[in-house]
1. Cα atoms only, the range 105-250: Rg and Dmax in Å?
2. If amide H atoms are built 1.01 Å from N in the plane of the peptide, which residues on other chains or at least 5 residues away come under 5 Å of the amide H of N225?
3. Rounded to the nearest 10 degrees, what's the angle between the helix 202-215 long axis and the longest principal axis of the chain, both from Cα atoms, 0 to 90?
4. Ignoring everything except DSSP H segments at least 4 long, calculate the 222 nm mean residue ellipticity for the chain; use -39,500 (n - 2.57) per segment, divide by total residues, nearest 500.
5. In terms of modelled amide H atoms, which long-range or inter-chain residues lie less than 5 Å from the amide H of F429?
6. Measuring from label point to label point, each 7 Å out along Cα→Cβ, what is the R118 to L525 span in nm?
7. Using a 1.4 angstrom probe, figure out how much accessible area the range 201-284 has per residue, in square angstrom, rounded to the nearest whole.
8. How far apart, in nanometres, would the label points at R180 and V317 be if each is projected 7 angstrom from Cα along the Cα-to-Cβ direction?
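The values are calculated or read from the model by the stated rules, or taken from the named source; none is laboratory data. For clarity, every value in this text was computed on a predicted model and none was experimentally measured. Positions of Cβ are generated from backbone atoms using ideal geometry, with glycine treated the same way; all protein chains shown enter the neighbour counts. Ligands, DNA and RNA are excluded from the accessible area calculation, which covers all protein heavy atoms including side chains. Shrake-Rupley method; radii C 1.70, N 1.55, O 1.52, S 1.80 Å.
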Amino acid sequence: MTVVQANPPRLDRISDYPAWFAARTPDAEAMVLDDRRWTYAAMRDAIDQLARALVASGIGKGDRVATLQTPHPDYLIAFLATASIGAIWIGLNPRYTLDELVYVIGDAAPRVLLTRTRIGERAYDAELAAFRAATGIERIVAFDGEPSVAEVTRWRDFIAAGGATSDAMLAAARGACGGRDPCLIVYTSGSTGRPKGALLHHDGLVGFCLEQNRLWPVAPLRAVNYFPINHVGCVVDVSLPVLLAGGTILFMEQFDPRRCLALMEAARATLWGSVPSCFQMQLALPDFDRFDLSSLQLILWEGAAMPREMIERLLRVHPRLATNYGMTETTSGIMALEPSDDPELLAETVGRAFPGVEVRLVGSDGQDVAIGATGEVWARSAYTMLGYWNRPDATAEALTPDGWFRTGDLAVMRPDGRYRIAGRLKEMFKSGGYNVYPREIEAVIEAHPAVADVAVVSAEDPVWQEVGIAFVTAAQPIAAAELEAWCRARLANYKIPKRFVFEPVLPLLPIGKVDKAQLKRRAALLAT
């Protein structure tokens, strides 16, 4: 296996990096899935081949191309081939319902869909026909090896037609794009309404990945990626930073706690990056300690706060941990913590402003708040999205005229310059006239040794306007009265949840975050 530790230059297109590494280390492993391996040379060739086919089919700058696929090397090749010719790529989650798929395809209006036709027990025959009928998509192409479906182009036929695209035509398409041209639409989770497509650009993706690799150096960089391809976590947080480090992406089409650890052990993963819920499932395995994770150089989590107990367990695995805070609309980067072995920093902060990002904490009066006070996080950088696809009103609401993105999240700056996330502005509720931040309550409940996981949401109350409802997953038997007493000793009276609801597991969004929208609906029913 050829290994390279490189610091590549800032190239004009995110799609240029496979060729850059292929020219220097053609035999280095770029991607692995099960027993299949793609070198950087093979990856470059596959990208060029698909790019020629897309050009031959009439795809040009600004056109959209969608992909329905698992976390698989084919997804990344599809994205990079699309971006390389100036087109804009959209990832589709195979777990989407038909209505969700039709909505995203109808909103983004891709001309071409590259797709699986069967995944597990789910056949997409009828759904593919529905896409065409509902959205007018021009062409649907099945990935190589997929079962044949009527009116769906076979992969080999689509690729063969790319032979009509000359070297000059391909070079012209690529030469006409890059920089701040859009290349990726990532649809937000839609917890507060219909998903919106954040329009990201080459320059933002390149800049973010290079800075993340400088902040969290790992060499060689080998990381497992099992996140759904429609999410920023899959594309921006894992795939592209590994690619820009000349590293190896270890693809896993479906997350399984034990299989993931076995893959990390066998493939000698050097980065263990995930979300807290997945870490929790892995650490809960009775045989967790039997896995050899000695190859790790860094453990990091994103998407939510990590309970201190889990942090202390992870520090026994490796003494170099990190975390961050970001959003889809900011190409992930807003704040990040440098590698650390300090449990207090890791549990209580998300670090300082990410390199190249300006951060403000803004109060309800529109003015910056003082150190130690809670304010809404505003961020401004070259990484920020161009806007929401076809949503000028939503774009104007989210982005100020001078480029600040209003995150809707609340944070506090500590005296040491690091930030602590206090929760969502929309999650904040008023109880008896007091502002209550669910994240503060969750942190207190998480600290109880019998608690494995917790999420706090609000529900209407006839006396106090709103009260907190805590949904708890217990690690060992515990009564609601005990948790209430625990909170009463640590929180002001108005912050104590009115009700503790015990659940075997908390509902999760596809990326692994707790589905608070679902819990909010359940809390409303409990309050009636």
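1. Answer for the range 105-250, Rg first and Dmax second: 18.0, 49 Å.
2. L250, F251, M252
3. Taking Cα atoms only, the helix is inclined about 60 degrees.
4. Numbers: 17 runs with 166 residues, N = 528.
After summing the helix terms and dividing by residue count, I get -9000 deg cm²/dmol.
5. HN-HN under 5 Å from F429: V436.
6. Going by the 7 Å Cα→Cβ label model, 3.6 nm.
7. It amounts to 24 Å² per residue over the range 201-284.
8. My value for the distance between the label points is 4.0 nm.
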